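*Asks:* Supplied in structure tokens, the structure appears directly below.
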Amino acid sequence: MSSSSSSEKNPGQTGESNKPTTPGCIDIFKSLFISQPAHSTCACSSSLEDSQWHEKAPLTNNSNSNTDMSPPHVHPVSNEEMAEVLKKAQIDPSAWSDDEYLRVISNAIDAASTELRSLSLRIHEDPELAYHEFKAHGWLTEYLQGKGFTVERSAYGLETAFVASSGQSKSAGGLVTVGICSEYDALPGIGHACGHNLIAISGVAAALGLKAVIEKFHLKAEVKLFGTPAEETSGGKITMSANGAFKGVDVCMMLHGANADVIYTPFLSLDTCEVEFFGKASHASASPWEGVNALDAAMQVYTNIAMMRQQIKPNQRVHGIIVEGGKAANIIPDYTKSVYTVRSPKWDEVVVLKKRVEAIFNGAAAATGCKVALKWGVPYKDIITNNPLAESFIHYMGTMGLKYASKEEQQSKLSGSTDFGNLSYEMPGIHPMFNILNLDGIDDRRMGLHSTDFAGAASKPVAHIATMRASKALARTGIECIVRPEFLKQVKEDFENQTHA
Ligand SMILES: [Zn+2]
Ligand SMILES: [Zn+2]
């Protein structure tokens with residue numbers, strides 16, 4: 001027998017979920033951004049003093065955290081080092097001096113940069129796991145409220161989610177709503193090794209930029225910043241969306257730090273299944289014939305999936321583990337539990353692949369006489385990258401000194417999965433990956449995400465400056481949707497074409 005879990009709740013809601021967690025971007029980058037064993041790249045010296053960038057903004061610690069992690073190493077920053085990075089990042093204003101919108105955005109983000117740096121380091125130094133991002137939630141919402149946003153805390157059914165709005169809502173006559181997402185959950189044991197501290201402030205920065213332009217030019221538009229928990233486990237965005245968070249949002253965008261600048265790199269769709277077999281225990285020597293062997297069923301699944309791999313496409317994946325395989329060698333196992341993840345570039349291909357592995361699960365049950373229970377998790381869909389939004393972002397990054405590889409080259413890389421993919425099936429969106437290691441567009445695949453080195457990199461000044469730059473391009477792209485109706489029309493047409501292809 002199989003069971004569906006579509007009506008179950010996620011952790012962080014009022015009930016606890018028994019779904020298998022979805023390995024979000026936990027393994028997003030293991031193929032694209034190959035990790036190396038931890039090595040010492042830290043050039044810090046104990047003689048360096050913390051600069052203003054390590055000072056704490058007057059933010060309130062008003063929540064409890066259940067995290068039991070030690071903060072990862074934070075690279076101390078000297079004033080000299082910061083000055084050097086700033087000098088390197090200097091952008092020729094003449095390149096975009098005629099773009100008044102970008103200038104207003106840039107000024108707004110630059111004015112907040114020191115506060116945002118402080119906020120980023122606070123989150124980085126106190127990493128919190130999925131659905132327990134209480135401190136980050138408190139710091140971010142307090143900051144946004146102080147900047148004049150209307151803030152709803154614990155929004156859309158999740159305690160650590162929020163939405164911060166500014167401008168003219170559609171119910172008040174606004175014409176366009178631009179959505180931005182911030183993430184702020186960390187990884188067990190390795191802290192902010194996915195750089196979500198940077199994603200957190202990138203959303204705030206982009207929202208500040210959009211807010212400044214909307215106010216200065218009296219635009220009939222609204223910016224909504226969504227604080228989205230638990231990207232690394234079971235998809236806070238999916239729960240928020242199901243609870244109506246993104247209703248009326250015309251476009252939704254977010255940034256993610258990486259070791260390369262890419263926007264068209266494909267993200268895989270995935271779903272994860274917990275497979276339980278129920279048999280009958282008996283003495284493994286005296287009366288094994290009286291037993292029904294649940295481990296036999298689990299082993300048949302493992303073997304049959306291994307054989308099936310020869311008949312799946314090179315860009316599809318099925319991988320899993322046996323979590324529980326029996327209690328003792330002299331007892332025929334009456335219970336086993338395995339977990340399998342199924343991935344493919346497009347969601348409809350995952351649906352087909354799921355049917356194939358379900359046949360294997362059910363076949364193993366029939367062959368052994370066991371009963372089987374299947375619990376599928378929270379599916380993460382691939383990202384539909386909106387072409388006009390992506391080209392706009394690339395254009396504005398270009399005006400600030402960054403050149404991208406060709407679309408084809410970016411598309412040739414394999415990647416992982418994120419809950420933002422689900423949003424991209426609901427409205428036009430982009431999820432640019434930006435290089436936090438340098439400002440020159442030079443890939444450094446040696447330092448992969450989800451490594452302790454990357455956690456360290458996410459605290460460095462160059463990462464902060466890269467985040468500010470990308471946030472400006474994201475905000476400017478949002479403004480393009482507001483001030484050029486024909487552009488927004490193209491964005492929506494591209495969305496329709498891609499979702500109904
Ligand atoms: Zn991640
Ligand atoms: Zn991530």
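*Asks:* Taking R0 as 60 Å, what FRET efficiency do you get between HIS283 and ASP348 from their Cβ-Cβ distance, rounded to the nearest 0.05?
*Replies:* Efficiency, rounded to the nearest 0.05: 0.80.
*Asks:* Would you please give the FRET efficiency between LYS170 and GLN316, computed as 1/(1 + (r/R0)^6) with r the Cβ-Cβ distance and R0 = 30 Å, to the nearest 0.05?
*Replies:* Details: r = 41 Å, r/R0 = 1.35.
Efficiency, from the Cβ-Cβ distance: 0.15.
*Asks:* Label the stretch 361-501 by shape, choosing from rounded, prolate and oblate, from the square roots a ≥ b ≥ c of the eigenvalues of the Cα gyration tensor; if a/c is under 1.5 it is rounded, and otherwise prolate applies when a/b is larger than b/c, oblate when it is not. Numbers along the way, then the final one.
*Replies:* Numbers: a/c = 2.73, a/b = 1.44, b/c = 1.90.
It is oblate, given that a/c is not under 1.5 and a/b is not larger than b/c.
*Asks:* Place a +1 charge on the Cβ of each Lys and Arg in the stretch 269-376 and a -1 charge on the Cβ of each Asp and Glu, then give the dipole magnitude about the Cα centre in debye, rounded to the nearest 20.
*Replies:* Working: 13 positive and 10 negative charges, 75 e Å.
Computed charge dipole of the stretch 269-376: roughly 360 debye.
*Asks:* Further, regarding this structure: Given the Cα-Cα distance of ASP444 and LYS247 and 0.36 nm per residue of separation, how much length would full extension add, in nm? Show your work: numbers first, answer last.
*Replies:* Numbers: separation 197, 0.36 × 197 = 70.92 nm, distance 3.85 nm.
Stretched out fully, the ASP444 to LYS247 stretch lengthens by 67.1 nm.
*Asks:* Show me 416-425, 165-174 ranked by packing, highest mean number of other Cβ atoms within 10 Å first.
*Replies:* Values: 416-425: 25.0, 165-174: 15.5.
The most tightly packed comes first, giving 416-425, 165-174.
*Asks:* Now, a different point. What is the packing order of peptides 473-482, 145-154, taking the mean over residues of other C-beta atoms within 10 Å and listing the highest first?
*Replies:* Values: 473-482: 27.8, 145-154: 16.0.
The peptides rank, most packed first, as 473-482, 145-154.
*Asks:* Take GLU324 and PHE487, extend 7 Å from each Cα along the Cα→Cβ direction, and tell me the distance between the two endpoints in nm.
*Replies:* Each label point lies 7 Å from its Cα, and together they span 5.5 nm.
*Asks:* Within 10 Å, Cβ to Cβ, of ILE109, how many net charges do the neighbouring residues add up to if Lys/Arg are +1 and Asp/Glu are -1?
*Replies:* Values: positive: ARG469, LYS472; negative: ASP110.
Residues near ILE109 contribute +1 overall.
*Asks:* Classify the stretch 265-322 as rounded, prolate or oblate, taking a ≥ b ≥ c as the square roots of the eigenvalues of its Cα gyration tensor: rounded when a/c is under 1.5, otherwise prolate if a/b is larger than b/c and oblate if not. List each step's numbers first, then the result.
*Replies:* Working: a/c = 5.28, a/b = 2.73, b/c = 1.93.
Note, shape of the stretch 265-322 comes out prolate.
*Asks:* Could you rank the peptides 309-317, 175-183 by their average count of other C-beta atoms within 10 Å per residue, with the highest value first? Kindly include the intermediate steps, with their values, before the conclusion.
*Replies:* Working: 309-317: 11.7, 175-183: 25.7.
Order by mean packing, descending: 175-183, 309-317.
*Asks:* Moving on. What FRET efficiency do you get for SER412 and ALA359 if R0 is 30 Å and r is their Cβ-Cβ distance, rounded to the nearest 0.05? Kindly include the intermediate steps, with their values, before the conclusion.
*Replies:* Details: r = 32 Å, r/R0 = 1.08.
Efficiency computed from Cβ-Cβ geometry: 0.40.
Read-outs throughout are calculated quantities, based only on the coordinates presented, and are distinct from any laboratory measurement. Just so it is clear, the model here is predicted, and its values are computed rather than measured. Positions of Cβ are generated from backbone atoms using ideal geometry, with glycine treated the same way; all protein chains shown enter the neighbour counts.
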